[in-house]
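Worksheet: one structure, shown below.
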Amino acid sequence: EAGTLLDVRRHAAHFDFLWQLGARARAATVLEAGLERFPASWMLHARLRGVTLEQRGIEGLAEEYAARLAKPHESALEWYAGYAGLVTAEYYRRAGNAAAAAAAYEGSIAHYEHALERSPESRASSDHYIAMALAGRARLAFEHGENERAGELLLAAFARQPDAASALDGLN
């Protein structure tokens, strides 16, 4: 286990070094090799999200994970696609694009539900982020004067994972 974490950190550091040098193509190759070897690495998926957002924008993030899911993949990829959907929703919400944010929250929830089907051991974290997505949808409803719907969604979030209520989303 410790050797694996060290190997993941080495891939991440190698990627970071090449990226900072401007060797973007080589850095991308290193990142892909790392993701191939460690498909469930938070550290490497964080870099994938960052690079994708920088190079292709928020629309590109959903496209990136959709393309990855279209190929044979590890079950953890569905979970990361859910997280990418949540990040996408938060960016859209911040930009004032409620319709796109709502769709991204729904997509995120669907990915987490699929992750649970493939990997029941992801229950705690999947439920946490599903609750966050439900709360995000509640905020959108509240901002649009749909108070009853906002309340329903908040109750659904509490029912899904009460401990998520104290967590801040990625945009605080």
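The values are calculated or read from the model by the stated rules, or taken from the named source; none is laboratory data. Note that the coordinates shown come from a computational prediction; the quantities given were computed from them, not determined experimentally. When we count neighbours, we look across all protein chains shown, and the Cβ atoms used for this are built from the backbone with ideal geometry, even at glycine. Ligands, DNA and RNA are stripped out before the accessible areas are found, and what is left, the full protein with its side chains, is counted by its heavy atoms. Shrake-Rupley method; radii C 1.70, N 1.55, O 1.52, S 1.80 Å.
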Hey, rough spin-label estimate for ALA28 and ARG149, points 7 angstrom out along Cα→Cβ, what's it come to in nanometres?
3.9 nm
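Under the Kirkwood approximation for Rh and a Cα-based Rg, what ratio Rg/Rh is obtained for region 54-109? Please report the intermediate quantities before stating the final value.
Working: Rg = 11.2 Å, Rh = 11.3 Å.
Across region 54-109, the Cα-based Rg/Rh ratio is 0.99.
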Distance from the Cα centre of region 1-74 to that of region 88-151, in angstrom?
24 Å
Roll a 1.4 Å probe over the protein heavy atoms and report the accessible area of HIS11 in Å², nearest 10.
40 Å²
What is the magnitude of the charge dipole of region 33-172 about its Cα centre, with +1 placed on the Cβ of each Lys and Arg, -1 on the Cβ of each Asp and Glu, and no other charges, expressed in debye to the nearest 20?
280 debye
Selected from GLU106, GLU148, GLU64 as most flexible by GNM, with the chain as the system and alpha-carbon contacts under 10 Å
GLU148
Let me understand region 25-129 better: what is its radius of gyration from the alpha carbons, and its Dmax, in angstrom?
13.4, 38
Cα extents of region 1-77 along the principal axes, largest first, in whole Å, come to 34, 32, 15
